[in-house]
Amino acid sequence: MPRRPISSPLEYLQIARRRWIWIVVPTVVISGLVVAGARKLPKMYQSEALILVEPQKVPADFVKPTVSGDVSQRLESIEEQILSRTQLGQIIQKYGLYRDSGLTPDGEVARMQDDIAVTPIINPAQRDAQVTAFKITYQGGDPVLAQQVTSDLSALFISENLKARAQQAQGTEAFIDSRLSDADQQLQTVATQLRELKSSYMGSLPEQETANLQVMSQLQAVVQSDAQALAQAQQQKTYLTSLNQAVDGIASAYTPPAAPSAAEQALRKAQSDLAVAEQMYTPQHPDVIRLKAQVKALELQVKGSASAPSAQAKTSPAGTPQLSPQVRGQIALLNEEIQQRTKNQAATQAKIAQMQTRLERLPEVEEKLSNLTTAYNAAKANDDSLRQKKDAASMAAAMEQQAEGEEFRIVDPASLPQVPISPNLPRIDGMGAVGGLLLGVALAGVVEMRDPVIRSEADVVFYTQVPMLAVLPDIQPARPRTSRLLRLTAGGRH
């Protein structure tokens, strides 16, 4: 038969009064067992150390650090190294940790990794939110051992940080050295190519253009001078040849030769100068105009003196044959001069052609030289930059070796714990009391549900489905009379 549902909180109090022994006994028993068992649990002590991250002592303006400034990443890397199987295995063997745990070596390492905690401390006031400090905690069954292990872990973090920074600085320096060696080799290669280019195109370099133009102008002036002297020599040769022929003709006819007058000689000289000037200058040139006027004046003078008897016509025929060898000697000298002038002129023309070739090759050489010069400047700039970086890396490595860079410093050494962190006896005791109470309440509820006794008017109405007509009081002589309401709440009416 189903039980009547409880309709008011007062009925719960009534049940608790009736079944109090079922509630109290489990509560006391369970609480006692829990308290006794908690006192036998192994105690765990936690030691803690605080390590401060100090910036480098030398200002960054003087020595730029080559080690990464991200402390959190470096701290994670160091933590992985310290919590490795090798490092923790040495600490476990040193202090005999987990000796009675029955774990394998790998299990001991995993257990110790769970017992160690590294907590970074970040300053929220900084923009980059860098790690400014971190805590190292270790928990173990012995407070002294916990302190010693925490102290060793702190020392490992400090030494590993110095080692990692020194290795990173040395690695940076070695990397820059290798890059600098490649840059030097590249610079030497480009410099050799540049020297070979300048050597192969010597005379056609852009900086020699002005000198080449000046030399070419001088050679052209030499050509003009040689041409003028050659023309004069040829004219004089022509004159002497005709003179020699005239002398030979006169000698054969026993007629004395007519020596040219001073006006005729001056006319021939002026005509020769005019021929040379016409080859070198334009008709409007002042020298050409002057020589033409001079030639006209001499021609008039020669015509005027042609009618006068020549004094040389009276020369005896006996002296004429002596002029021919002298004239022929002069002609021979003129031939040698003409030949030498012609050779000089050819050599000068060859030099002019060579200069023209140099000038024509100038754009090609300038382009090649520009490309190599650009490559050389780039290689030189790279080499200079790497040398500056090498100097900076060397200074940074020296700073790290002298422990003047960023370092970890112990602010609070490993503490000696006085109170265990586990087990939490008040909490366990409270949980035992609550558990016992809940068990007692459950047992009291079960007993109450199995009790078939009708204790109130509500029970009568619920189980009989008949309305109540009257209620008789419960007569108890030994007890004082109470109000009808209290008797009803006590369940004394049927």
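None of the figures in this text is laboratory data; all of them are computed from the coordinates on show. These numbers come from a predicted model, not from an experiment. Glycine also receives a Cβ, built like all others from the backbone with ideal geometry; neighbour counts cover every protein chain displayed.
Quick look at the numbers
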| read-out | value |
| --- | --- |
| Candidate aspartates and glutamates - alpha carbon under 17 Å from residue 296, same-chain residues fewer than 8 apart omitted | 264, 273, 278, 287 |
| Computed FRET value (nearest 0.05) for residue 12 with residue 144, which takes r as the C-beta separation and R₀ as 60 Å | 0.65 |
| Simple spin-label estimate for residue 110 and residue 454 in nanometres, 7 Å along Cα-Cβ | 6.6 nm |
| Cleavage-rule hits, trypsin sites (Lys or Arg not before Pro), region 122-189, DSSP coil, Cβ neighbours within 10 Å at most 15 | 127 |
| Interchain or long-range residues, amide H under 5 Å from residue 121's placed H | 132, 133, 134, 135 |
| Inter-site label distance for residue 377 and residue 394 at 7 Å from Cα along Cβ, in nm | 2.9 nm |
| Paired Rg and Dmax values of region 77-181, which use every Cα atom, in angstrom | 17.6, 59 |
| Packing-based ranking, highest mean first, of 167-178, 329-340 given that Cβ atoms within 10 Å are counted | 167-178, 329-340 |
| Members of 198/390; 135/163; 269/351; 237/292; 292/351 lying beyond 25 Å, as alpha-carbon distances in this model show | 198/390; 269/351; 292/351 |
| Label-point separation, residue 343 to residue 100 (7 Å along Cα→Cβ), nm | 12.1 nm |
